[in-house]
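These notes concern the structure reproduced below.
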Amino acid sequence: MFEQSQIQEFKEAFTIMDQNRDGFICKNDLRDTYAALGRLNVSNDELDEMLKEAPGPINFTVFLCMFGEKLKGTDPEETILNAFKIFDPEGTGILKGDEIKYHLMSQADKFNEAEITQMFTMFPLDVAGNLDYKNLCYVITHGEDKEDKD
């Protein structure tokens, strides 16, 4: 289901989350992980809901299967690229930031200002105010910036 490099990345994530190093992710591990990320007010109900998604205790195999289930059916890179290409008939690979903002805030499942700000924080516009959507699609489907791979 996953490439070896992806499995290694998931193993590293599992190890980070398994705060007490017992080989399982439990409620306290989740709470500690959230605290390490700066979120201190996670409710017990919220943690219980997360744990209920697993068929049993969350060891690495269950963790990997859960990610596989979550990722199953996600769009391939080409599908996401084609969605952006609607706004880029010349195929330049970039979109004007103000135009993509307009479309995201006015069409279908409309983004709000905070969501736009978050997107542009995670995927900043270049100095000309353009969004490199080809790189954005790569990050969405592969999890890392193309430039960081070199």
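The values are calculated or read from the model by the stated rules, or taken from the named source; none is laboratory data. Quick caveat: nothing in here was measured; it's all calculated off a predicted structure. Here the Cβ positions follow ideal geometry from the backbone for every residue, glycine too, while neighbour counts run over all protein chains shown. To get the accessible areas, we keep the full protein, side chains included, count just its heavy atoms, and leave off ligands, DNA and RNA. Shrake-Rupley method; radii C 1.70, N 1.55, O 1.52, S 1.80 Å.
Overview of results
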item: Whole-Hz ³J(HN,Hα) from phi, Karplus 6.51 cos²θ - 1.76 cosθ + 1.60, for the range 46-52, glycine and proline x; result: 5, 5, 4, 4, 5, 5, 5
item: Net +/- balance of residues flanking residue 88 in space, Cβ distance below 12 Å, scoring K and R +1, D and E -1; result: 0
item: Exposure rank, largest accessible area first [95, 125; 1.4 Å]; result: 125, 95
item: Residue 27 accessible area, 1.4 Å probe, all protein chains in place, Å² to nearest 10; result: 60
item: With all protein chains modelled, accessible area of residue 113 [1.4 Å, Å²]; result: 90
item: Long-range amide H partners of residue 130 with built H, under 5 Å; result: 97
item: Sequence of 109, 45 when ordered by accessible area, the most exposed leading, probe 1.4 angstrom; result: 109, 45
item: Segment residue 70-residue 122, length gained on full extension (0.36 nm per residue, minus Cα span); result: 16.6 nm
item: Accessible-area ranking of 26, 137, largest first, probe 1.4 Å; result: 26, 137
item: The range 13-134, accessible surface, carbon-and-sulfur percent (1.4 angstrom probe); result: 58
item: Average Cα contact separation per residue, the chain, under 8 Å, 6 or more apart, as relative contact order %; result: 16
item: Average accessible area per residue (Å²) across the chain - probe 1.4 Å, nucleic acids and ligands excluded; result: 69
item: Selection of trypsin sites (Lys or Arg not before Pro), the range 99-144, meeting DSSP coil and at most 14 other Cβ within 10 Å; result: 110
item: Vicinal HN-Hα couplings computed from phi for the range 2-13 (Karplus, 6.51 cos²θ - 1.76 cosθ + 1.60; Hz; Gly/Pro x); result: 10, 6, 4, 5, 5, 4, 5, 5, 5, 5, 5, 5
item: Calculated [θ] (222 nm, deg cm²/dmol) that DSSP helices of n ≥ 4 give over the chain, each run adding -39,500 (n - 2.57); result: -17000 deg cm²/dmol
item: Label of the coordinate-derived value, Kirkwood radius over Cα pairs in Å, listed as (i) 25.1; (ii) 16.9; (iii) 18.2; result: (iii)
item: Solvent-accessible area of residue 122 with every protein chain in place, 1.4 Å probe, in Å² to the nearest 10; result: 120
